[in-house]
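Shown next, in structure tokens, is the structure this report addresses.
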Amino acid sequence: MDYRYESSENSSGRNKCAACFRQFNKMEHLVDHMRTSFHSVHESKCGICRKHCRSFESLREHLIGPLPKQECKNIFNVRGCRYCLTILESSNARRVHQERCQFSNVNVGLVARMSTLGMRDSLNIDNGYSRGTQVVSLACKMVGGGSDGSLDLCGRVCLIDENENILFHCYVKPLIPVTNYRYDTTGIRPEYLRDAMPLRQVQKKIQDFLCNGEPMWKVKPRGGRARILVGHGLDHDLNRLQVEYPAAMIRDTSKYPPLMKTSKLSNSLKYLTQAYLGYDIQTGIQEPFEDCVATMRLYTRMRSQRHGAEDYPLASDPQNRNNLAAWRQSELERMSPEGLLALSRSDFYCWCLDS
């Protein structure tokens with residue numbers, strides 16, 4: 001009787017996912033789970049129990065949500081950073097760390113107000129002579145067009161570099177009449193757009209700058225001259241600017257899986273900034289510069305994460321095609337959960353790979 005009980009326990013432990021700790025009745029069910037879960041070193045992990053979570057929101061719920069894991073919550077309350085969710089060595093270490101981890105928006109507001117004084121244009125094509133791939137952040141503010149003012153038209157655009165310097169800032173004259181300036185949030189008045197830069201001119205300047213002297217068809221994620229573009233809801237902004245840019249060069253904080261809700265829906269930039277950077281934005285009149293800074297800071301925070309190195313980190317890489325193939329079922333069922341995890345790869349491009 002004791003032997004059978006021990007065997008049952010060992011079987012249950014053997015069928016437990018080494019990443020998310022889900023347990024399965026049969027080993028074949030665990031193998032099926034590994035095929036669809038895409039667990040990898042690039043997932044958010046609890047610094048206490050090492051459980052893998054699909055997003056930082058899922059990790060946050062695990063640590064301090066309505067139904068957290070109590071042991072992890074108790075430790076996190078003493079030694080955990082509420083911004084990056086890291087576990088520190090002591091409460092004093094947490095205090096020192098959190099002071100550095102929390103950003104301030106005091107200077108952001110000051111420079112943003114200065115940016116409204118006139119146009120800034122430092123969009124220079126350097127043909128890739130700068131060392132490393134350059135990263136820029138873009139944000140737009142929309143005014144309304146159409147009979148009811150509900151059609152979004154770009155009325156203002158801002159681009160910054162990694163050091164939060166303004167590269168380009170101007171008001172944009174849309175192709176069709178503006179019927180709602182949305183002043184309460186945009187701060188844009190009719191006179192600002194009367195002599196503003198036409199949309200077509202803005203479009204060409206931004207597109208040429210992003211490609212950085214490289215033809216669109218030659219733009220590639222690594223080793224090229226084109227710039228990485230950071231933003232929030234960039235599909236919409238680029239569409240309103242009528243700018244085309246390869247998806248491989250875009251880092252969108254609204255679509256990045258680790259920053260999305262547990263329901264896989266987008267979080268607002270306002271929420272992400274408050275939760276992961278520790279300050280508030282978009283209060284009153286909204287500055288595109290402030291949005292640029294927030295998305296750039298979120299990007300650099302995500303990029304700086306230290307994950308294990310893998311030769312072929314994506315599940316879509318051809319070299320990983322047979323890792324969990326159905327024809328290997330018998331072999332896979334004989335492997336340990338840790339062995340299966342070692343074969344598993346991510347289904348999203350982790351920004352740490354930009355480093």
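The values are calculated or read from the model by the stated rules, or taken from the named source; none is laboratory data. As the structure is a prediction and not an experimental result, all values here were calculated from the model. Counting neighbours? That spans all protein chains shown, and the Cβs are built from the backbone with ideal geometry, glycine included. Ligands, DNA and RNA are stripped out before the accessible areas are found, and what is left, the full protein with its side chains, is counted by its heavy atoms. Shrake-Rupley method; radii C 1.70, N 1.55, O 1.52, S 1.80 Å.
With all protein chains present, calculate the accessible area of Ile125 using a 1.4 Å probe and round the result to the nearest 10 Å².
Accessible area, nearest 10 Å²: 80 Å².
In the structure shown, do any of Lys141/Lys255; Lys204/Lys270; Lys26/Lys255; Lys204/Lys261; Lys45/Lys255 have a Cα-Cα gap over 27 Å, and if so which?
In this structure, Lys204/Lys270; Lys26/Lys255; Lys204/Lys261 exceed 27 Å between Cα atoms.
Rounded to the nearest angstrom and ordered from largest down, what semi-axes does the equivalent ellipsoid of the chain get from its C-alpha gyration tensor (root of 5λ)?
44, 24, 18
For the stretch 34-93, which trypsin sites (Lys or Arg not before Pro) are both in a DSSP coil and crowded by at most 12 other Cβ atoms within 10 Å?
Arg50
Please give, to one decimal in nm, the separation of the simple spin-label points placed at Gln274 and Ser122, each 7 Å out from Cα toward the Cβ.
For the pair Gln274/Ser122, the computed spacing is 3.2 nm.
I need to check one value: relative contact order of the chain, counting alpha carbon pairs closer than 8 Å and at least 6 residues apart, in percent.
21
Taking all protein chains in place and a 1.4 Å probe, what share, in percent, of the accessible surface of the chain do carbon and sulfur account for?
Taking all protein chains in place, the chain shows 49 percent carbon and sulfur surface.
Using unit Cβ charges (K, R positive; D, E negative) and no other charged atoms, how large, in debye to the nearest 20, is the dipole of the chain about its Cα centre?
240
Compute, for Cys101, the solvent-accessible surface of its heavy atoms (probe 1.4 Å) with the complete set of protein chains present, and express it in square angstrom to the nearest 10.
About 10 Å², ignoring ligands and nucleic acids.
Compute the signed sum of charges (Lys and Arg +1, Asp and Glu -1) over the other residues within less than 10 Å, Cβ to Cβ, of Leu314.
In short, -2.
Counting only other residues whose beta carbon sits under 14 Å from that of Arg50, what net charge do I get with K and R as +1, D and E as -1?
Net charge around Arg50: +1.
Post the alpha-carbon centroid distance, the stretch 61-94 to the stretch 288-355, in whole angstrom.
Going from one Cα centre to the other spans 25 Å.
Please give the FRET efficiency for Asn239 paired with Gln23, using the beta carbon to beta carbon distance and R0 = 41 Å, rounded to the nearest 0.05.
E between Asn239 and Gln23, to the nearest 0.05, is 0.35.
Please give the per residue accessible area of the chain, computed with a probe of 1.4 Å over protein heavy atoms only, in Å².
52
Could you compute the net charge surrounding Pro215? Neighbours are other residues with a C-beta less than 14 Å from the C-beta of Pro215; K and R count +1, D and E count -1.
Here the count lands on 0.
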